[in-house]
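FYI, it's all coordinate maths here, none of it is from the lab. Quick caveat: nothing in here was measured; it's all calculated off a predicted structure. In this analysis, Cβ positions are derived from the backbone assuming ideal geometry, glycine residues included, and neighbour counts consider all displayed protein chains.
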Amino acid sequence: MMPFPLDFLRGVLGVLCVLFANVLGRSIVRVRRGARPRNMYGWLIRTAVCLLAVLWRGGLDRISIAILALTAASLLLGAWLEQRPKKQEDLTILGE
């Protein structure tokens, strides 16, 4: 039986970290608007644990720097998307 490559697991954890950071960015904006911070702390812990796991196994190499940069960009993108006003679709029937 072949051993499972740990770099693959680092990649999976990196993808999870990027996704968690996006939701964390959205949660930060919601908390600033007055929502309860309970969900934000959960996403913060998830993101930090995944990022620390990526850094723990390989140290500060190219893969971990790329994941760190993508995580930061995803966090900012999530916050930016949450701050944008959402367009409401007009559901009224015209002609009645």
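Pick from Ala21, Ala79, Ala69: which is most flexible by mean-square fluctuation in a GNM of the chain where alpha carbon atoms under 10 Å apart are linked?
Sorting by GNM fluctuation, first place goes to Ala69.
Can you compute 3J(HN,Hα) from phi for each residue in the stretch 7-12, using the Karplus curve 6.51 cos²θ - 1.76 cosθ + 1.60 with θ = phi - 60°, rounded to whole Hz and x for Gly and Pro?
Values, residue by residue: 5, 5, 5, 4, x, 5 Hz.
Determine Rg/Rh for the chain; Rg is computed over alpha-carbon atoms and Rh is the Kirkwood hydrodynamic estimate from the same atoms.
Looking at the chain, the ratio lands at 1.20.
Place a +1 charge on the Cβ of each Lys and Arg in the stretch 1-46 and a -1 charge on the Cβ of each Asp and Glu, then give the dipole magnitude about the Cα centre in debye, rounded to the nearest 20. Working shown, then result.
Working: 8 positive and 1 negative charges, 99 e Å.
Taking the Cα centre of the stretch 1-46 as origin, the dipole is about 480 debye.
Asp7: net charge of surrounding residues, Cβ under 15 Å, Lys/Arg +1, Asp/Glu -1, itself excluded? Could you put the intermediate results ahead of the total?
Values: positive: Arg10, Arg57, Arg62; negative: Asp61.
Once all neighbours under 15 Å are counted, the net charge is +2.
Going 7 Å from the Cα of Leu9 along its beta-carbon direction, which residues of the stretch 60-89 have the amide nitrogen within less than 12 Å of the resulting point?
Flagged as within label range: none.
Among Ile45, Leu55, Leu91, whose Cα projects farthest towards the positive end of the dipole of the chain, with charges put on the beta-carbon of Lys, Arg (+1) and Asp, Glu (-1)?
Value: Ile45.
Might you report the magnitude of the Cβ-based charge dipole of the chain about its Cα centre, with Lys and Arg at +1 and Asp and Glu at -1, to the nearest 20 debye?
420
In whole Hz, with x marking every Gly and Pro, tabulate ³J(HN,Hα) for the stretch 16-30 from phi via Karplus 6.51 cos²θ - 1.76 cosθ + 1.60, θ = phi - 60°.
So the J values, rounded to whole Hz, are 4, 4, 5, 5, 5, 5, 5, 5, 4, x, 5, 5, 4, 5, 5.
Tabulate in residue order the Karplus-calculated ³J(HN,Hα) for the stretch 42-52, using 6.51 cos²θ - 1.76 cosθ + 1.60 with θ = phi - 60°, rounded to whole Hz; enter x for Gly and Pro.
Using θ = phi - 60°, the values come out as x, 5, 5, 5, 4, 5, 5, 5, 5, 5, 5 Hz.
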